[in-house]
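Only one structure is covered here, and it is reproduced in the block below.
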Amino acid sequence: MKEIYLDNNATTKVDEAVFEEMRPYFTELYGNPSSMHFFGGQVQKKVDEARNRVASLLGAQPEEIIFTACGTESDNSAIRSALEVFPEKRHIVTSRVEHPAVLTLCRNLSKRGCRITELNVDSAGRLDLGELARALDDDTAIVSLMYANNETGVVFPIEEIGAMVKAKGALFHTDAVQAVGKIPLNMATSTIDMLSLSGHKLHAPKGIGALYLRKGVPFRPFLVGGHQERSRRAGTEATSSIIALGKACEQAALHMEEENTRVLAQRDRLERELLTLIPHARINGGGAERLPNTLSIAFEFVEGEAILLLLSEHGICASSGSACTSGSLEPSHVLRAMGVPFTCAHGSIRFSLSRFTTDAEIDTVIRELPPIIRRLREISPFGREMLVK
Ligand SMILES: *Cc1c(COP(=O)(O)O)cnc(C)c1O
């Protein structure tokens, strides 16, 4: 059975062009870019090219890009750096809906003498900037807020937030793992000090990420050792993966328009049809600005896991929230923070599209999902009661 892959916020297919670009750097051009000989030198040139490509997608300068092993490492590096740069400041502001890469670190730091403010969101997943303003003080070392939410696609007003943070003299980091390649970014005119991205969310392989670090922003490395990445991230460069990330960023720039037209139209059609065909359904984050590829939809009185299993029988791959928390029966921390009622949070499904999604795949979901929900509601005691009403 050919998969219908609608779980692109969990990970993406490596673009063939990206794979071709990285392929020679395993068995043929395997030199160490730090070596003095020509063999390492030619790899160094490709690493430089990759850095230029990543910088170009972000509207940044190449020296502002640090390659890391993943989005999680970029997030951890940014926050830990701020605490070292400002040893006298022990306050961190973040939100209740962050990815675990930020949230778990912050909660661990709260047991080690840091004060953490986790900002709330409203029922549409939006921040209250008044609450942010009240949270900021002279003790605030860093504010870390995500650009776009991986579960709902809700986009935060990052530039407005950055301006408030700058006015208070704190550093501003954003986890833009879900935004890069989907939302046009320009660091040249931005208030962002540090930004995290991850290769496998934009059609590069797993295990490569980058941290944008604005020129002049003080930084302390997370990994120390050799002088790679201008002594900001030690460890021999993951050359093939870096080259792949560069190519993926180049491709993302070429396809950004498509993400915001064709992919958006597919997402909107899926959303519209499901709301029409299935009663008692609602969009999580529907009232907010959202990523063009993400649809988080709640079906009352059904279990998300049951929906996923039945979808899977038709080859349809979706998610019941974040892949990091699935496997537990707790509703997602994001939906809970939004105050989504228990009966809805349990029946929430995330479809996340990509530029490889076809209209025929969307047609299949529109055909297969309504009878699945109907069947599940028929066998659920709550569902039967609801259907009688
Ligand atoms: C996937 C993801 C991460 C983690 O990236 P990895 O490269 O898997 O470590 C962090 N933040 C967000 C918003 C994500 O979606």
Boolean, residue 274 is within 23 Å of the chain's Cα centre (by Cα), assigned to a helix (DSSP H, G or I) and of a type in the set (A, V, I, L, M, F, W, C): no
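Matching residues to (1) farther than 29 Å from residue 167 by Cα; (2) crowded, with 24+ Cβ neighbours inside 10 Å; (3) touching a strand residue (DSSP E or B) at 6+ places or on another chain (Cβ under 9 Å):
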residue	(1), (2), (3)
182	no, yes, yes
188	no, no, no
197	no, yes, yes
201	yes, yes, yes
204	yes, yes, yes
208	yes, yes, yes
213	no, yes, yes
220	no, no, no
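Could you list, in sequence order, the residues of segment 230-239 that are in a helix (DSSP H, G or I) and buried (at least 21 other Cβ atoms within 10 Å of the Cβ)? Steps first, please.
Quick first cut of segment 230-239, residues in a helix (DSSP H, G or I) only: 230-231, 239.
If the condition is that a residue be in a helix (DSSP H, G or I) and buried (at least 21 other Cβ atoms within 10 Å of the Cβ), then 239 is the only one that fits.
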Residue in segment 244-262 that is part of a loop (DSSP other than H, G, I, E, B), in contact with an Asp or Glu (Cβ under 9 Å, 6 or more places away or on another chain) and either closer than 30 Å to residue 374 by Cβ or touching a residue at least 60 places away in the same chain (Cβ under 8 Å) (or both) present: no
Pairs where the first residue, in segment 172-186, is under 16 Å from residue 199 (Cα atoms) and assigned by TED's automatic domain parsing to the domain that holds residue 83 and the second is buried (at least 24 other Cβ atoms within 10 Å of the Cβ) and of a type in the set (Asp, Glu), C-beta under 6 Å, 6+ apart: 175/75
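For residue 97, are the conditions met, namely being within 15 Å of the ligand (Cβ to nearest atom), in a loop (DSSP other than H, G, I, E, B), in the same structural domain as residue 200 (by TED's automatic domain parsing) and modelled with pLDDT of 95 or more?
yes
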Any pair with Cβ under 7 angstrom, 6 or more apart, that starts in segment 27-48 at a residue that is in the same structural domain as residue 240 (by TED's automatic domain parsing) and ends at one that is exposed (fewer than 12 other Cβ atoms within 10 Å of the Cβ): 32/236
Where residue 11 falls short, out of the listed (1) assigned to a helix (DSSP H, G or I); (2) within 16 Å of the ligand (Cβ to nearest atom); (3) touching a helix residue (DSSP H, G or I) at 6+ places or on another chain (Cβ under 6 Å): (1)
Test: residue in segment 143-153 that is away from the ligand (no atom under 16 Å from the Cβ) and farther than 24 Å from residue 80 by Cβ: no
Selected residue (only one of 118, 88, 73 is part of a strand (DSSP E or B), among the charged types (D, E, K, R) and either assigned by TED's automatic domain parsing to the domain that holds residue 220 or surrounded by fewer than 24 Cβ atoms within 10 Å (Cβ to Cβ) (or both)): 118
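Just the residues that are surrounded by 17 or more Cβ atoms within 10 Å (Cβ to Cβ) and more than 16 Å from the ligand (Cβ to nearest atom), please, taken from segment 100-115.
Residues satisfying the conditions are 109, 114.
Here is a yes/no grid of residues against (1) under 25 Å from residue 356 (Cβ atoms); (2) out of contact with any Pro (no Cβ under 7 Å at 6 or more places or on another chain); (3) at pLDDT below 95; (4) among the hydrophobic types (A, V, I, L, M, F, W, C):
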position: 238; (1), (2), (3), (4): yes, yes, no, yes
position: 242; (1), (2), (3), (4): yes, yes, no, yes
position: 245; (1), (2), (3), (4): yes, yes, no, yes
position: 254; (1), (2), (3), (4): yes, yes, no, yes
position: 257; (1), (2), (3), (4): yes, yes, no, no
position: 271; (1), (2), (3), (4): yes, yes, no, no
position: 287; (1), (2), (3), (4): no, yes, yes, no
position: 303; (1), (2), (3), (4): no, yes, yes, no
Members of segment 161-213 that are of a type in the set (Val, Ile, Thr) and within 14 Å of the ligand (Cβ to nearest atom): 174, 177, 180, 183, 208
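Go through segment 16-48 and report how many residues are over 16 Å from residue 228 (Cα atoms) and in a helix (DSSP H, G or I). Break it down into steps so the answer makes sense when it comes.
Within segment 16-48, the first condition is being over 16 Å from residue 228 (Cα atoms), and the residues that meet it are 16-30, 37-39, 42.
Filter once more, so that each one left must be in a helix (DSSP H, G or I): 16-22, 24-27, 38-39, 42.
Total meeting the criteria: 14.
The values are calculated or read from the model by the stated rules, or taken from the named source; none is laboratory data. Just so it is clear, the model here is predicted, and its values are computed rather than measured. Methodologically, a virtual Cβ is constructed for each residue, glycine included, from the backbone with ideal geometry; neighbour enumeration extends over all protein chains shown.
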